[in-house]
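Reading through the structure tokens given below for one structure.
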Amino acid sequence: MVGRALILAVNVHSLGAEIRRSMNEKRKKPNIGVITMPSSLAGITPLSNLIDVLHPSAGGLYVITGKASYNHFKDDRRIRISEFRVREAHFLAGTFAVEALRSIYRQLKASYKLARVGGRVDVWIFFRGAESMPLAILAARLLGRKVLVLVVVNFVEASVARGGYIRTSSLLYKASYLLSNRIILYTDLIREWNLEPYRRKIIIAHRHFIDFDKFKLNTSLEKRDNIVGYVGRLSGEKGILNLIEAIPKTLAGRRDVKFVIVGGGALEADVRTSLGKYSLEDKVTLAGWIPHSELPDCLNTWKLLVLPSYAEGLPNVMLEAMACGTPVLATSVASIPAVIKDKETGFLLRDNSPGCIAKGIVNALSDPNLEKIAVNARSLVQSKFRYESAVKTWADVLRTIETDG
């Protein structure tokens, strides 16, 4: 009888210890903050993916963002969200002094938003525009918080494409790198982006995953018409005007091709003007922004997706197209060549000049191995871009930063 009592007591003690250990582990999950610049509709999917992969590893998840992203996530019960508003005076654009003052204003406002969350966040992630905010990063560090800077694009490429000031961008990014605890890159671009001085801080990790229940092959490539699509912002760094200029050159070699442009942005009026100039209205459909839920059906009607960007990170739509069996033609920038191997898993442009884009489209549509390339691309994304893998990657990142001094 005494022996049974002792055994029961030991079991109860062990069960209690296990419960306490489980509760401690739950309590140890860090509170994570994510801050981005106010963004357009194009920023929703990247931020959504990051929230999805962070949520399992977070005790609490705090997000500071604005515009379309704030409106999209404001009712998401997984996060506590704060709105980041920045008013721009467009008529003052273009001078170095004004751009510098704007940057300081944005950073001070971000610092204020960050400070209001105060001690509730353990780790801050600076993402999509916020990675060039050293004053806000400094504010987080002074509050005793750890900081991850998620670097998506090469600041030199982005600055040139947007007509910005490379020197200003360089100073802002370098200050951010110095102040951060860790720098996150999607792929190993340390040497290409001149990040050797920060090598010890760098972790390679992406936040990309595909919902393969939604993004899948529904229509075989051979049953699709010769439709070439574009998805993204209508802005300078995306090379959209180069693509429009390439359309008449493409039609000179392939009259059976039609184009669909999905997206919106600052250059929409210029795009419409160019289409009218070349009388392309019957060959090009401007679809505007479409709901993300409709994108799989759209991709399944196209024979080629073109991404003629000057600067990129690792485009979600590229991976989504590949999952739908739609070959991709893209410029060889940033992390794109880590996924697309020319004529193996897609097609790479030598440059994004209109002539090169047109030649690339004609050659891709005429490639005898187009079906095989599409199959290779699907296999690649199905093996490398699963949700479980992305969650594990970011859990490892957070464990790494917890051990940093």
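The values are calculated or read from the model by the stated rules, or taken from the named source; none is laboratory data. This structure is a prediction, so every number in the text was calculated from the model and none was measured. For neighbour counting, all protein chains shown are included, and Cβ atoms are generated from backbone atoms with ideal geometry for every residue, glycine included.
Determine, yes or no, whether G288 is at pLDDT 95 or above, crowded, with 23+ Cβ neighbours inside 10 Å and either in the same structural domain as I247 (by TED's automatic domain parsing) or of a type outside the set (D, E, K, R) (or both). Criteria not met by G288. May I ask you to say which residue of L217, L178, L185 is within 28 Å of L370 (Cα to Cα) and modelled with pLDDT of 95 or more? Unique residue meeting the criteria: L217. Filter the stretch 351-405 down to the residues that are modelled with pLDDT of 95 or more and in a loop (DSSP other than H, G, I, E, B), then identify the one that is farthest from P30 (Cα to Cα). Going through the qualifying residues, I end up with P368. Scanning the stretch 277-293 finds no residues that are aliphatic (A, V, I, L, M), touching a residue at least 24 places away in the same chain (Cβ under 8 Å) and assigned to a helix (DSSP H, G or I). How do the pairs read when you match residues in the stretch 353-378 that are at negative phi with residues anywhere that are part of a helix (DSSP H, G or I) and polar (S, T, N, Q), using Cβ under 7 Å and keeping only pairs 6 or more apart or on different chains? Taking only residues 6 or more apart or on different chains, the pairs are S353/N242; P354/N242; I357/N242; A358/T250; I361/T250; V362/T250. Residue check: I227 meets all listed conditions (1) within 21 Å of Q382 (Cβ to Cβ); (2) surrounded by fewer than 20 Cβ atoms within 10 Å (Cβ to Cβ); (3) in the same structural domain as L349 (by TED's automatic domain parsing) but one, namely (1).
Among the criteria (1) in the same structural domain as N181 (by TED's automatic domain parsing); (2) in a loop (DSSP other than H, G, I, E, B); (3) β-branched (V, I, T), the one V333 does not fulfil is (1). Counting residues in the stretch 238-256 that are of a type in the set (G, A, S), in contact (Cβ under 8 Å) with a residue 60 or more places away in the chain, within 30 Å of W193 (Cα to Cα) and assigned to a helix (DSSP H, G or I) gives one or more. Are any residues in the stretch 304-324 in a loop (DSSP other than H, G, I, E, B) and buried (at least 22 other Cβ atoms within 10 Å of the Cβ), and if so, which ones? Passing the criteria: P308, S309, A311, E312, G313, P315, C324.
Against the conditions (1) surrounded by 15 or more Cβ atoms within 10 Å (Cβ to Cβ); (2) at pLDDT 95 or above; (3) at negative phi, G239 satisfies every one except (3).
Looking only at the stretch 317-324, decide whether some residue is acidic (D, E), on the phi < 0 side of the Ramachandran plot and either in the same structural domain as I202 (by TED's automatic domain parsing) or without any contact (Cβ under 8 Å) to a residue 12 or more places away in the chain (or both).
First, the residues of the stretch 317-324 that are acidic (D, E): 320.
Next, from what is left, pick out any that are on the phi < 0 side of the Ramachandran plot: 320.
So of that shortlist, the ones also either in the same structural domain as I202 (by TED's automatic domain parsing) or without any contact (Cβ under 8 Å) to a residue 12 or more places away in the chain (or both) come out as none.
Within the stretch 317-324, not a single residue is acidic (D, E), on the phi < 0 side of the Ramachandran plot and either in the same structural domain as I202 (by TED's automatic domain parsing) or without any contact (Cβ under 8 Å) to a residue 12 or more places away in the chain (or both).
Highlighted here are the helices (runs of 4 or more DSSP H) found entirely within the stretch 37-128 that include at least 3 residues which are touching a residue at least 60 places away in the same chain (Cβ under 8 Å) and within 21 Å of S180 (Cβ to Cβ): 44-54, 96-117.
Criterion first (in contact with a strand residue (DSSP E or B) (Cβ under 7 Å, 6 or more places away or on another chain), crowded, with 16+ Cβ neighbours inside 10 Å, in contact (Cβ under 8 Å) with a residue 60 or more places away in the chain and within 26 Å of N352 (Cα to Cα)) does V260 satisfy it? So V260 does not fit the description; no.
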